[in-house]
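Undergrad: Questions regarding the structure given below will be posed in turn.
The values are calculated or read from the model by the stated rules, or taken from the named source; none is laboratory data. Predicted model only: the values in this text are computed from it and were never measured. Using ideal geometry, Cβ is built from the backbone for each residue, glycine included, and neighbour counts are taken over all protein chains shown.
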Amino acid sequence: MTPGTDHLAYAPQSVPHPGETLQETLDELGIPQADLARRTGLSTKHINQVIRGTAALSPDTALRLERATGVPAGFWNSLEAAYRTQEIREEEDQKLAQRVDWLSNFPLAELVRLQVLPSREKSLDNLLRLLQWFGVTEPDVAEDLWRSYRTAFRRSTVLSADDYATATWLRLAEHRARDRATQPYDKAALTALLPRLRALTLEDQRVWAEELPQMCATAGVAVVFAPALPKTRVSGATRWLTPDKVMVALSDRFKKDDQFWFSFFHELGHVLLHGKRLTFMDDSDNLSSAHGHEDPAEDEANGFAANTLIPPSHAADYQQLRAKPMPFTRIEVFAHAIGIAPGIVVGRLQHDGALQWKHGHDLKRTVTLT
């Protein structure tokens with residue numbers, strides 16, 4: 001069952017107003033409306049309005065009915081609350097029915113595949129499901145929220161097609177992260193894990209895909225994998241879900257291990273170096289720019305990732321390799337010597353301009369997330 005949408009399967013389509021139940025109760029007890037009015041101290045007109053549903057059944061009236069009929073006040077209050085809630089729901093649904101085309105902004109096929117929506121139909125039911133999955137009340141509220149994200153990321157506040165897909169990716173990651181159990185965040189514990197996390201670059205995906213989240217969870221980091229969606233450029237994201245739990249979400253946008261592992265350690269750089277109140281969503285520009293960013297936090301996270309994967313203690317050896325990266329066995333020897341996957345070294349050499357982008361891809365391993 002998709003988180004946050006299961007209630008839609010049993011939400012009542014209509015709720016009778018409390019007056020109907022009150023009239024049935026009076027009929028069973030053999031109490032005329034005029035007699036009930038005398039017993040409760042209310043006017044016959046008011047009792048009649050409550051029964052017809054034109055007057056609200058207030059808590060005061062509920063208490064009087066309890067004393068006069070023996071039916072608990074809480075029961076009457078519940079009936080009234082359910083009826084008024086349904087009235088408001090119907091009014092809101094009528095408004096939202098005019099916004100079903102909003103669904104066209106989203107990767108509906110992916111949402112169906114991910115079991116967020118049951119179909120690609122542009123219907124009120126699907127719109128309600130999507131809004132609840134995002135945890136927002138209406139489309140305009142969602143878009144205002146995403147505009148605030150763009151401001152935080154130093155981007156234009158004008159939403160484009162990829163923003164809807166990116167918001168979908170981020171929300172999917174959040175749901176997965178909230179479901180992942182973690183210990184309270186411990187910066188020292190996470191720092192101590194770095195060598196072991198770095199060593200996972202040598203493992204096959206079937207190994208690191210299981211061990212990476214488990215290891216990070218012991219330090220309060222919920223690592224989740226979310227496949228890259230069409231029209232998204234996002235490689236990773238960091239968001240503090242609570243003061244003791246941080247999400248690190250990773251995509252498979254580039255499908256190669258060098259980009260994946262650089263993204264992972266880039267996000268850990270945000271976790272270790274930057275504030276708990278900040279959210280970072282990183283795309284290819286953040287991860288690959290050779291120039292300074294408007295937000296220095298991105299440069300700091302890039303530096304952290306680069307120095308973790310190829311430590312400064314190996315800088316001299318790396319510079320020799322950079323000067324003469326071929327034949328490719330030189331790359332493999334260097335990678336083995338410092339204990340990381342060769343594909344990561346290839347990616348670093350390509351980024352530094354020492355190796356053409358078309359060279360060395362056989363040393364990279366494919367990453368595919370689900």
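Undergrad: Before we move on, is Leu22 part of a helix (DSSP H, G or I) and either of a type in the set (A, V, I, L, M) or modelled with pLDDT under 95 (or both)?
TA: yes
Undergrad: Which one of the conditions (1) crowded, with 19+ Cβ neighbours inside 10 Å; (2) at pLDDT below 95; (3) of a type in the set (Val, Ile, Thr) does Val158 fail to meet, given that it meets all the rest?
TA: (1)
Undergrad: Within segment 41-60, can you find the residues that are under 11 Å from Glu80 (Cα atoms) and touching a Leu at 6+ places or on another chain (Cβ under 8 Å)?
TA: The answer is Val50, Leu57.
Undergrad: In segment 176-192, how many residues are surrounded by fewer than 17 Cβ atoms within 10 Å (Cβ to Cβ) and not in a helix (DSSP H, G or I)?
TA: 4
Undergrad: While we're on this one: Would it be correct to say that Arg84 is within 20 Å of Gly30 (Cα to Cα), in a helix (DSSP H, G or I) and either without any contact (Cβ under 8 Å) to a residue 60 or more places away in the chain or basic (Lys, Arg) (or both)?
TA: Against the criterion (within 20 Å of Gly30 (Cα to Cα), in a helix (DSSP H, G or I) and either without any contact (Cβ under 8 Å) to a residue 60 or more places away in the chain or basic (Lys, Arg) (or both)), Arg84 does not qualify.
Undergrad: I need the full set of residues from segment 48-81 which are surrounded by 15 or more Cβ atoms within 10 Å (Cβ to Cβ) and within 37 Å of the chain's Cα centre (by Cα), in order please.
TA: Matches in segment 48-81: Asn77, Leu79, Glu80.
Undergrad: I'm trying to understand the selection: among the residues of segment 338-365, which are over 18 Å from Glu203 (Cβ atoms) and either surrounded by fewer than 21 Cβ atoms within 10 Å (Cβ to Cβ) or outside the structural domain of Asp258 (by TED's automatic domain parsing) (or both)?
TA: Within segment 338-365, Gln350, His351, Asp352, Gly353, Ala354, Gln356, Trp357, Lys358, His359, His361, Asp362 qualify.
Undergrad: Those residues that are in a helix (DSSP H, G or I), among the aliphatic types (A, V, I, L, M) and touching a residue at least 12 places away in the same chain (Cβ under 8 Å), I need them from segment 193-226; list them, please.
TA: If we filter segment 193-226 for residues that are in a helix (DSSP H, G or I), which is where we start, we get 193-202, 205-217.
Filter again for among the aliphatic types (A, V, I, L, M), leaving 193-194, 197, 199-200, 202, 207, 209, 212, 215, 217.
Within segment 193-226, Leu193, Leu194, Leu197, Ala199, Leu200, Leu202, Ala209, Leu212, Met215, Ala217 meet the criteria.
Undergrad: Kindly evaluate Val116 against the criterion of being touching a residue at least 60 places away in the same chain (Cβ under 8 Å) and assigned to a loop (DSSP other than H, G, I, E, B).
TA: yes
Undergrad: Still on this structure: How about segment 326-348: which of its residues are touching a Gly at 6+ places or on another chain (Cβ under 8 Å) and at pLDDT below 95?
TA: Phe328
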